[in-house]
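The values are calculated or read from the model by the stated rules, or taken from the named source; none is laboratory data. Values in this document were obtained by computation on a predicted structure and should not be read as measured data. When we count neighbours, we look across all protein chains shown, and the Cβ atoms used for this are built from the backbone with ideal geometry, even at glycine. Note: areas computed on protein heavy atoms with side chains; ligands, DNA, RNA excluded. Shrake-Rupley method; radii C 1.70, N 1.55, O 1.52, S 1.80 Å.
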Amino acid sequence: MENKIKKPIWTKDFIFNFVISFFIFLSMYLLLVTVGGYSKETFHVPDSLAGLASGLFIVGSLLGRFMTGKYINILGTKRILIFGGILLVITNGLYLVSASSFTLLLIVRILNGVASGVASTATGTIAAFITPAERRSEGISMYSLSMVLGTAIGPFIGLLLYQHMPMSVLFFICTVLIVVAFVMSLFMKVETPVMPKTSSKQGFKITDFFSVHALPIAIVVIIVSIAYSSVLSFIQFFAEENQLVDAASFFFVVYAIAILLTRPFTGRIMDQRGENIVTIPAFISLILGLFLISIAHNGVVLLLAGAFVGLGFGNLQSIFQALVVKVSPIEKMGLATSTYFIGLDFGLGFGPYVLGNFTHTIGYSGLYLAMAVVALIGLVAYYFLHVIRMKKA
C-alpha cells in the first residue's frame, strides 16, 4: 500500500555525505576550468602544457579510483573517506605554494586527482550503503545531485572569480571547502561490511581492482561519457563559431535545471518499475540533445539542446551508478562504485583528446552529429551488454 511507512533517505549521515561530495566536486571544477588559463598566464606555457595541467587531475583521479576499488571493502568506507579527506586537505594546501614552479603545479595536480578519486569513490559507496535497499536507486539518484551541482556551479563560479581575483584566492577557497568536508566526515557514523583480507594474499589479480559484475555497465559509461565530453570541451568553441556565445553561457544552467526537475522521479521509477523504463528515454534524450547542438543556429535551439542533454546524460549518470550497485553482491559495492567512476573518468578525461583530432576535419557541427551516433551506439551497447544479459540471468 502507498501509505506504508518508507524508510527515510535524507538522514543526518546522508546529508553529510551529500555535502562532502558536493564540496569535493565544487572544488574540483573550480580549478578544472581555471588552472589551464592560470598556467598560461603565470608560467607562459603553450596550450598543450596548459591542457596537461588540467588533464593530469583526471589521470590522478583514475589512479585513485583504481586503487580504492580493491581496498575499500578491506579497510571500510569510513576509513577510506577519512584517508582521502586528509590527502585532499594536504594537496589543496599545496596549491598555495605551487606558484613557484610549473613542475610543482603538475605534481600537485596529479596528487590532488588521486585524493579526489579516493574520497569521491568513498562517498559514492557510502551513499549506496546508507540508503534503504528498497529505495537504493532513488537514494543514489538524490546523492548524485551533489555531483551535478558541483559540476554546474563550479565552472560558473570559478570563471567568475578568476576574472576578478588572483588564483591564490581560488586555491584558498578550495582548501577551506575541503577542510569543512573533512571535519564533517569525522562526525559521520557509517557501518559497512568489511571483507577479510584473504583476497589480498593471493598475489596480484586484475579483478581485485575492478568489478566483473559492473564491467558491462562501465563499458557503456565510457561510450556515453566520450559523447558528453564533447559538450564539456567544445561547446564554447561551437558557440563562438555560430555567434551563440550569450546562449552558451546559460547552457549548463538549463542542463542543471533539467536534471534537478527530473532526478527526484527517475530514481523512484527505477526502484518501482525497473531500469529500462528510465534508461531508454534518457538515451533518446541525449541523442536528440547532441543532434540539436549540431543544427543549432539560434540560442533557443541551443538551450533546448541543453535541456535534452541534461535529461539524457544527467540522468544516465545516476542510473548507471545505481545499476552497477544493483548487479553486484553487497560485499562488492565499493568495487562496483569504483569501476563505475573509472569508466566515467576515462570517458570524460580522454574523450576530449581523441575528439580534438577530428574537429579540424569535420567541424564542430559535424562533431556533435557524430557524437549523437556515438550515443546511439551506447544505447545499442546497453541493450546487448545489460538488457539481454538480464533476460538470460
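Answer with yes or no whether Phe291 is within 29 Å of Gly69 (Cα to Cα) and assigned by the TED database to the domain that holds Leu379. Against the criterion (within 29 Å of Gly69 (Cα to Cα) and assigned by the TED database to the domain that holds Leu379), Phe291 does not qualify. Exactly one residue out of Leu32, Leu52, Leu104 is within 29 Å of Gly334 (Cα to Cα) and aliphatic (A, V, I, L, M), and it is Leu32. Taken over the range 78-135, the criterion of being outside any helix (DSSP H, G or I) and buried (at least 24 other Cβ atoms within 10 Å of the Cβ) is satisfied by Thr131 alone. What is the number of the single condition among (1) at positive phi; (2) open to solvent by less than 40 Å² (accessible area, probe 1.4 Å) that His44 does not meet? For His44, the failing item is (2).
Being crowded, with 20+ Cβ neighbours inside 10 Å, at pLDDT 85 or above, in contact with a His (Cβ under 7 Å, 6 or more places away or on another chain) and within 22 Å of Thr279 (Cβ to Cβ): is that true of Ser338 here?
Taking the combined requirement at face value, the residue does not satisfy it.
For the range 351-373, check the following and say yes or no: at least one residue is more than 19 Å from Asn242 (Cβ to Cβ), at pLDDT 90 or above and in contact with a Leu (Cβ under 6 Å, 6 or more places away or on another chain). No, the range 351-373 has no match at all. In the range 210-225 there is at least one residue matching the filter, namely being out of contact with any helix residue (DSSP H, G or I) (no Cβ under 7 Å at 6 or more places or on another chain) and either open to solvent by 50 Å² or more (accessible area, probe 1.4 Å) or assigned to a helix (DSSP H, G or I) (or both).
Counting only residues that are crowded, with 18+ Cβ neighbours inside 10 Å and either farther than 20 Å from Gly343 by Cβ or not aliphatic (A, V, I, L, M) (or both), the range 53-74 holds 14 of them.
Within the range 152-170, being of a type outside the set (A, V, I, L, M, F, W, C), modelled with pLDDT under 90 and open to solvent by 40 Å² or more (accessible area, probe 1.4 Å) holds for Tyr162, Gln163, His164. Close Cβ contacts (under 6 Å, 6 or more residues apart or on different chains) running from residues in the range 262-286 that are touching a residue at least 12 places away in the same chain (Cβ under 8 Å) to residues that are of a type in the set (Phe, Trp, Tyr) and open to solvent by 20 Å² or more (accessible area, probe 1.4 Å) comprise Ser285/Phe308. For beta carbons closer than 6 Å, sequence separation of 6+ or different chains, a first residue in the range 54-67 that is under 7 Å from Gly113 (Cα atoms) and a second that is of a type in the set (Asp, Glu), the qualifying pairs are Ile58/Asp345; Ser61/Asp345. For the range 236-261, a residue qualifies if it is free of Cβ contacts under 8 Å to residues at least 60 places away in the same chain, assigned to a helix (DSSP H, G or I) and open to solvent by 20 Å² or more (accessible area, probe 1.4 Å), and the qualifying residues are Gln236, Glu240, Val245, Asp246, Val254, Ile257, Leu261. If the condition is being over 21 Å from Thr123 (Cβ atoms) and not polar (S, T, N, Q), then the range 52-69 contributes Leu52, Ala53, Gly55, Leu56. Looking only at residues in the range 317-335 that are open to solvent by less than 10 Å² (accessible area, probe 1.4 Å) and under 11 Å from the mean Cα position of the chain (by Cα), which one is farthest from Glu240 (Cα to Cα)? So the residue we want is Gln321.
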